Every structure is written in structure tokens, then in C-alpha cells.
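So the structure is just underneath, and the comments pick up after that.
The values are calculated or read from the model by the stated rules, or taken from the named source; none is laboratory data. Only a predicted model underlies this, so the values are computations on that prediction, with no experimental measurement involved. Note: ideal-geometry Cβ built from the backbone for every residue, glycine included; neighbour counts use all protein chains shown.
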Amino acid sequence: MWKQIFKTTVIAGALDITANSIQVYLAKGPAPDIILKYIASGLFGKDAFSGGFGYVVIGLIIHLFIAFACTVTYFLVYPKIKLLHKSILQSSLLIALIAWAVTTRVIIPMSKLQTPPFILVKAIIAISILFICIGLPIALFAKYYYNNKKVEN
């Protein structure tokens with residue numbers, strides 16, 4: 001199971017950071033590394049923005065850790081909650097909503113980042129990215145893993 005979890009984490013994390021980079025670039029035009037520095041600034045404050053490549057790497061590690069936490073949690077609860085077996089889209093939306101809520105309402109307020117104001121359009125964009133890039137891969141890979149596990153038994 002752990003091999004599948006790590007594979008899912010890398011795919012979902014890569015899709016998510018790529019989509020976020022494209023979305024921010026199209027909206028504001030900054031280089032993609034600024035997103036990873038923003039993530040790292042949650043631990044290091046404003047120093048991360050003036051720092052070098054090390055902060056980019058730390059931001060990526062933090063980002064992948066959050067994707068890993070989402071993936072592990074879903075893989076562990078999937079066999080216990082039958083509702084998750086019914087619809088990939090429903091599960092993906094649930095993952096996206098929980099990931100968005102935990103990130104914006106728990107992680108960011110606990111970090112050194114200033115909590116941004118709630119803006120509905122930005123929330124919808126963020127949840128849509130999470131739905132496609134985090135929710136779908138996690139829900140699909142978990143379903144695939146557990147369906148194949150049943151076939152093997």
C-alpha cells in the first residue's frame with residue numbers, strides 16, 4: 001500500500017503545484033518558484049522570498065508533505081467508509097473541500113503567513129484545482145488499489 005501512496009502523492013503533488021504555478025502566472029505573472037517560496041514562508045516568514053533555491057526545495061517538501069497527508073488519510077479511511085466507494089467525483093470533491101478547509105483554516109493561520117481574506121472566486125479556483133489535481137488522482141488511485149487488492153485475494 002505504501003508504494004501506491006507514495007506514487008499517488010508524487011503525481012497529485014506535481015499536478016497541484018503545476019496547476020497552481022500556471023494559475024498564479026496567468027493571474028499575476030511571477031515566476032513559478034515564488035509559489036514554493038510562499039509555501040516555505042509559512043515556516044520562515046518573509047526571509048523565504050529573498051532566499052535562494054533552498055527555500056524553493058523546502059516549499060516543495062512542505063507541499064508534498066501536505067499532499068502525502070491527504071493521500072494517507074484517504075487511503076486509510078477508504079476501506080472503512082463505504083460512501084467513498086460510490087463515486088470518484090463525489091470523493092474527489094470531498095477531498096478537495098477538506099484539503100482547502102484544512103489549508104486555509106488550520107495550516108495558514110498556524111503559520112507565519114498572513115491569513116488572506118475570503119474571496120469566493122479565489123476559493124472556487126483553489127477548490128477546482130484541488131478537485132482536479134489532488135482529489136481525482138487520490139480517489140482514482142485508492143479505488144484502483146483496493147479493487148485490485150480484492151482481485152488478488
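Descriptive notes on the structure:
- So Ser92, is it polar (S, T, N, Q), touching a helix residue (DSSP H, G or I) at 6+ places or on another chain (Cβ under 8 Å), surrounded by 14 or more Cβ atoms within 10 Å (Cβ to Cβ) and more than 26 Å from Phe141 (Cα to Cα): no
- Phe49 vs. criteria among the aromatic types (Phe, Trp, Tyr), in a helix (DSSP H, G or I) and within 23 Å of Ala142 (Cβ to Cβ): no
- Contacts under 6 angstrom Cβ, first residue in the range 1-20 being part of a helix (DSSP H, G or I), partner modelled with pLDDT under 95 and among the hydrophobic types (A, V, I, L, M, F, W, C), 6 or more apart: Asn20/Ile35
- Scanning the range 1-19 for residues that are buried (at least 17 other Cβ atoms within 10 Å of the Cβ) and more than 17 Å from Ile58 (Cα to Cα) gives Gln4, Ile5, Thr8, Ile11, Ala12, Leu15, Ala19.
- Leading residue by the ranking (farthest from Ile39 (Cα to Cα)) among those in the range 95-135 that are surrounded by 11 or more Cβ atoms within 10 Å (Cβ to Cβ) and of a type in the set (Phe, Trp, Tyr): Phe131
- Candidates Ile124, Ile98, Ile134 - the one that is farther than 19 Å from Ala40 by Cβ, at pLDDT 95 or above, out of contact with any helix residue (DSSP H, G or I) (no Cβ under 9 Å at 6 or more places or on another chain) and part of a helix (DSSP H, G or I): Ile124
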